[in-house]
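So the structure is just underneath, and the comments pick up after that.
Values quoted throughout were computed directly from the atomic coordinates according to the rules given, and no laboratory measurement underlies them. None of the values given here were measured: they were computed from a predicted structure. Backbone-built Cβ (ideal geometry, glycine too); neighbour counts: all protein chains shown.
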């Protein structure tokens, strides 16, 4: 897998799968445009990439705001001239709660980042890729997007929506040289998921598979990054509209 002279935009690049993928893509030659709401975390990722000899820039953005999304897309094009890879990864997790106790504000918060953020990223990056006649997009969904998870109904709905957006966009751009796929992680060691077990315990419900996982461990973010690099590369040239599950057998 090689991305020499390719430009990759990664949202949620400040931590977890986003950071690991940013470093992986930079290590195989991509110039990276790192996007995150957390300025310190994003700049730390850029520092790590520079230390390994990579090249990139950091742009702070709220992915749920159209002006912020247009800004990171425009800056990527202004600095590097094109966008070849888009890892549409930024997302947040829901506060664990029984369905009827979920606040409307919590619904809006999850949908704003996880669905609107993905939609806006697609909307503005695809305009660039369409002009180029090429590109690879990877949207981060979740195993919660292909089956329900207890006490996170809104999060699950948001990730189902990401898969729907992926398939719809992939269908429209299949003959335009642009591939659009969805990645479904499950059980990854990241800051976002670190509190999941604790939240389940507080809610009085622990899914049978959660403590041990099927393979006896959680995935490292770097393991997901390998799949991101594959989907970004020409190795996946005949894949579009695919829902790629990397979950250690969690959904079996």
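Distance between the C-alpha centres of segment 43-57 and segment 210-252: 24 Å, rounded to the whole angstrom.
For the pair residue 65 and residue 147, label points projected 7 Å from Cα toward Cβ lie 3.9 nm apart. Computing Cα extents along the principal axes in Å directly from the structure and comparing it against [x] 50, 39, 32; [y] 84, 38, 36; [z] 52, 35, 34 singles out [z]. Considering the chain as a Gaussian network with a 10 Å cut-off on Cα pairs, which listed residue, 214, 19, 179, attains the greatest mean-square fluctuation? With Cα springs under 10 Å in the chain, the top fluctuation among 214, 19, 179 is at 214.
Label-to-label distance for residue 112 and residue 78 is 2.6 nm, based on points extended 7 Å past Cα in the beta-carbon direction.
Please check: in the Gaussian network model of the chain (C-alpha springs, under 10 Å), which one of 11, 166, 100 has the largest mean-square fluctuation. Comparing 11, 166, 100 in the GNM, the peak value goes to 100. With the highest mean first, a sort of the peptides 116-127, 217-228, 237-248 on other beta-carbon atoms found within 10 angstrom per residue produces 116-127, 217-228, 237-248. Mind running the shape call on segment 1-131? Use the C-alpha gyration tensor, a ≥ b ≥ c as the square roots of the eigenvalues: rounded below 1.5 for a/c, prolate if a/b tops b/c, oblate otherwise. Verdict is prolate for segment 1-131.
The angle separating the long axis of helix 39-51 from the principal Cα axis of greatest extent in the chain is about 50 degrees. In this structure, residue 215 and residue 235 have a Cβ-Cβ separation that, at R0 = 22 Å, corresponds to a calculated FRET efficiency of about 0.35. Only helices enter the 222 nm calculation for the chain: every DSSP H run of n ≥ 4 contributes -39,500 (n - 2.57), and dividing by all residues gives -13000 deg cm²/dmol, rounded to 500.
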